[in-house]
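K.L.:
Pasting a structure below so you can have a look.
The values are calculated or read from the model by the stated rules, or taken from the named source; none is laboratory data. In this text, all values refer to a predicted model and were calculated from it rather than measured experimentally. Cβ atoms come from the backbone with ideal geometry, glycine included; neighbour counts cover every protein chain shown.
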Amino acid sequence: MQELARKLLATITAAEPKLRRVSPEESTKPILSGGWSRKQVLGHLIDSASNNHQRFVRACLQDSLEFPSYDQEGCVRLQEPQEADWALLISLWAEYNRYLAHIITKLPPGKLETPCNIGKEGSMPLRAVATGYVNHLLHHLEQNDATD
């Protein structure tokens, strides 16, 4: 898990300055035809960090994890990241993920196979949840042109 945490930290280090170079005006424009803006994608990534934070910790405290699915469209609609300050979204995303990298390094090796049942996705071990989280983050940063 140390390597996964290093990958997450390296991603944040590379992406944060690229995101900060995007103007507040540009952050509100869709990045894909008919799709979300950079603000909406970053808001979604903050939600993902929050959900996965709870998954990581709760899976370590239990024999198995039952967690609801994530309504990404509903969460973005309700929280309106499009109306939030761009610099705030970047800072919150970066710092939250730095903390998650710390948490990932502290996941007890004996808990990495804890079965996690998230919505209708089926069961997967905590290790796969953590790896999936980082891969999901990378996917959305690529949409934001924030990866190398």
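K.L.:
Search the stretch 87-113 for residues being outside any helix (DSSP H, G or I) and buried (at least 16 other Cβ atoms within 10 Å of the Cβ), and hand back the single one that is farthest from the chain's Cα centre (by Cα). Spell out how you get there, then give the answer.
P.N.:
In the first step, residues of the stretch 87-113 are kept if they are outside any helix (DSSP H, G or I); the result is 107-108, 112-113.
So of that shortlist, the ones also buried (at least 16 other Cβ atoms within 10 Å of the Cβ) come out as 107, 112.
Numbers: Leu107: 17, Leu112: 19 Å.
Residue satisfying both the conditions and the ranking: Leu112.
K.L.:
Just to verify a result, which residue in the stretch 27-43, among those that are surrounded by fewer than 21 Cβ atoms within 10 Å (Cβ to Cβ) and out of contact with any strand residue (DSSP E or B) (no Cβ under 7 Å at 6 or more places or on another chain), is nearest to Tyr70 (Cα to Cα)? Step through it out loud before you land on a result.
P.N.:
Within the stretch 27-43, the first condition is being surrounded by fewer than 21 Cβ atoms within 10 Å (Cβ to Cβ), and the residues that meet it are 28-35, 37.
Subsequent filtering for residues that are out of contact with any strand residue (DSSP E or B) (no Cβ under 7 Å at 6 or more places or on another chain) retains 32-35.
On the way: Leu32: 22, Ser33: 24, Gly34: 22, Gly35: 19 Å.
The qualifying residue nearest to Tyr70 (Cα to Cα) is Gly35.
K.L.:
Of the conditions (1) modelled with pLDDT under 95; (2) over 17 Å from Leu78 (Cα atoms), His44 clears all except one; give me its number.
P.N.:
With (1) modelled with pLDDT under 95; (2) over 17 Å from Leu78 (Cα atoms) applied to His44, the lone miss is (2).
K.L.:
Moving on. Looking only at the stretch 74-85, decide whether some residue is under 14 Å from the mean Cα position of the chain (by Cα), modelled with pLDDT under 95 and under 28 Å from Ala128 (Cα atoms). First the steps, then the outcome.
P.N.:
From the stretch 74-85, those under 14 Å from the mean Cα position of the chain (by Cα) are 75-76; that's our starting set.
If we keep only those that are modelled with pLDDT under 95 as well, we get 75-76.
The next check asks that each one be under 28 Å from Ala128 (Cα atoms); those that pass are 75-76.
Within the stretch 74-85 (the criterion being under 14 Å from the mean Cα position of the chain (by Cα), modelled with pLDDT under 95 and under 28 Å from Ala128 (Cα atoms)), the answer is yes, since at least one residue qualifies.
K.L.:
Could I ask something else about it? Give the residue, chosen from Ala128, Ala94, that is of a type in the set (A, V, I, L, M) and out of contact with any Asp or Glu (no Cβ under 7 Å at 6 or more places or on another chain). Steps first, please.
P.N.:
Numbers: Ala94 fails: out of contact with any Asp or Glu (no Cβ under 7 Å at 6 or more places or on another chain).
After ruling out the rest, the residue left standing is Ala128.
K.L.:
Just the residues that are aliphatic (A, V, I, L, M) and either farther than 14 Å from Phe67 by Cβ or exposed (fewer than 15 other Cβ atoms within 10 Å of the Cβ) (or both), please, taken from the stretch 129-142. Working first, answer last.
P.N.:
Let us first name the residues in the stretch 129-142 that are aliphatic (A, V, I, L, M), namely 129-130, 134, 137-138, 141.
Across the stretch 129-142, the qualifying residues are Val134, Leu137, Leu138, Leu141.
K.L.:
Oh, and also: Please go through the stretch 36-73 and pick out each residue that is small (Gly, Ala, Ser), in a helix (DSSP H, G or I) and more than 24 Å from Asp85 (Cβ to Cβ). Give the derivation first.
P.N.:
Initially, the stretch 36-73 is screened for residues small (Gly, Ala, Ser), giving 37, 43, 48-50, 59, 64, 69.
With the extra rule that they be in a helix (DSSP H, G or I), the set shrinks to 43, 48-50, 59.
Scanning the stretch 36-73 gives a single hit, Ala59.
K.L.:
Within the stretch 116-129, can one find any residue that is touching a Pro at 6+ places or on another chain (Cβ under 8 Å) and more than 18 Å from His53 (Cβ to Cβ)?
P.N.:
yes
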